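What follows is a single structure, written as structure tokens, with notes after it.
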């Protein structure tokens, strides 16, 4: 039994932040019914580098975060579509939506409306800027949030910043934040019988995860600046060119710095007045980095990685995505898996957590559009004639 076994989720979300949230709930054992627009479904079905897959409405972007879910198509603008959705709410525990604020209210399907008939309902509205405030009605795109949150201002170096991070970090942080809040609200609902409305903002989720960068400004008035691959808290701590490949080193403590100097054959750097303590090294960052880079030219990054790690100095090679996915560590931990589907193999990854006693991956591949519509209509009491009528009317 996974922690959320027996929890049913209605996922009325599109693209990434919302689907990433419900994917975390799938991995925790929840049953997730994805409510999609008839005919076209989630926009992510058309996104990804595999054009043929996107044409089949099974784009790589969709597959990434929708495995293990079920697909039901409903036009929520039509009265009968709303009626069926409300019936599904009556047998569910959670609703997740990522429309612009006010859309679900105009449809008559917001928390206030649904909770009257389902008081234990956990309702999560995930948006770019939250449900209220001057920015609330603006459309949310990851790159826009990255720019407005300050993430881009501290990414890159003095020459390249502001720079977008290499993946949609704000979407995923919003999704993880929403999943955490939903799990907490489910605990409350099970103990009290009372549900809760959750307002998740991608902007605030991102700022909350910027941690020290934000705290240093709020508490010390230090305006963060872009430092590239350097660590603003310590030196030497960053990315170094070796005799073959790049290596990250994080010698944040004096004892780590001393071990680093010994391993690279430069023990005199431990007592050099320019580098003798942590704060002085930070002030002379460029000088200490130059000395270390020179010493690292005698070996490759993997060789230094092994030597430094053995000595207790935090270090690691800079790898590409294909390199890390092929690493024995991840293959042993079953981080990725695949399903055989009529269209070919569907490869996915699991979440960042692991239950050793339970299967770490979803039980099923990402669903075809509307794959489970008839199944759930039958469970709600609709016969075959009624199901076909709904389809002809464009409700499903």
>> Quick check on segment 371-382: of everything there that is in a loop (DSSP other than H, G, I, E, B) and touching a helix residue (DSSP H, G or I) at 6+ places or on another chain (Cβ under 9 Å), which residue is surrounded by the most Cβ atoms within 10 Å (Cβ to Cβ)?
In response: 382
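Select the strands (runs of 3 or more DSSP E) contained entirely in segment 257-354, then report the ones holding at least 1 residues which are modelled with pLDDT under 90 and under 30 Å from residue 57 (Cα atoms).
336-341, 344-349
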> Only one of (1) touching a helix residue (DSSP H, G or I) at 6+ places or on another chain (Cβ under 8 Å); (2) without any contact (Cβ under 8 Å) to a residue 40 or more places away in the chain is not met by residue 90, so which one is it?
Replying inline: (1)
> In segment 205-228, which residues are farther than 24 Å from residue 19 by Cβ, touching a residue at least 40 places away in the same chain (Cβ under 8 Å) and in a loop (DSSP other than H, G, I, E, B)?
Replying inline: 224, 225, 226, 227, 228
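Condition check ((1) touching a residue at least 12 places away in the same chain (Cβ under 8 Å); (2) crowded, with 24+ Cβ neighbours inside 10 Å; (3) closer than 18 Å to residue 109 by Cβ) across all residues:
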{"residue": "37", "(1), (2), (3)": "yes, no, yes"}
{"residue": "50", "(1), (2), (3)": "no, no, no"}
{"residue": "60", "(1), (2), (3)": "yes, no, no"}
{"residue": "77", "(1), (2), (3)": "yes, no, yes"}
>> Here is a list: 192, 233, 239. Which entry is closer than 30 Å to residue 319 by Cα and modelled with pLDDT of 95 or more?
In response: 239
>> So residue 273 ticks every box in (1) out of contact with any helix residue (DSSP H, G or I) (no Cβ under 7 Å at 6 or more places or on another chain); (2) surrounded by 14 or more Cβ atoms within 10 Å (Cβ to Cβ) but one. Which box is left unticked?
In response: (2)
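The values are calculated or read from the model by the stated rules, or taken from the named source; none is laboratory data. Computed from a predicted model, the values in this text were never measured in an experiment. Note: ideal-geometry Cβ built from the backbone for every residue, glycine included; neighbour counts use all protein chains shown.
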